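What follows is a single structure, written as structure tokens, with notes after it.
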Amino acid sequence: MNTASTPFKTIGVIAIIAAGLIAAAIAHRPTQPLVWMVAYLVLVTGVVQYVLGAGQASLTARPLAMSTIWGQWVLLNLGHAGVIAGTLLSNFVMLILGTVLYDLAMLWFAWCVRGGMPGLRRTGYWLLIVVMAASSLVGVALSQLSK
């Protein structure tokens, strides 16, 4: 396993497993916020984080410093924690803070592959980043419209 992608892949898999366990626990009495959280854990914290780490590791021109990898990991996962906590607690400031941290992490991922392998894979990687950053802003807007 590529060490550069290991932190992202590990937390991605853990998030997917945790979401499954949470889904099983709430199945008898699901609520909209908890179902949203399960989906967020699977798709964003799990799958997207896994792909971001694996993609970055394969697209960079030279290996990244471990301080960069761990800095991205901390920023990204603090963002996830802020988005989840802000949403579940209906705390708009926490939601915004989490979204800002998440979007800063997205920019950092994009920056790190800018000089890497050109082609469709890098374009697809950047497209994923743009879509995820844009969807985070849409999510903030929707959280306010649903009140």
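The values are calculated or read from the model by the stated rules, or taken from the named source; none is laboratory data. Remember, it's a predicted structure, so these values are computed and weren't measured experimentally. No Cβ is skipped: glycine too gets one built from the backbone with ideal geometry, and neighbour counts run over all protein chains shown.
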**Study point:** So G86, is it under 22 Å from W36 (Cβ atoms), of a type in the set (G, A, S) and within 13 Å of the chain's Cα centre (by Cα)
**Key:** no
Check your understanding: Can you tell which of L52, L21, L95 is modelled with pLDDT of 95 or more and in contact with a Leu (Cβ under 8 Å, 6 or more places away or on another chain)?
Key -> L52
Point to revise | Residue ID - surrounded by the fewest Cβ atoms within 10 Å (Cβ to Cβ), chosen from residues in the range 18-39 that are among the β-branched types (V, I, T) and under 22 Å from V140 (Cα atoms) | key: T31
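Condition check ((1) at pLDDT 95 or above; (2) surrounded by 18 or more Cβ atoms within 10 Å (Cβ to Cβ)) across all residues:
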position	(1), (2)
N77	yes, yes
L107	yes, no
M117	no, no
R121	no, no
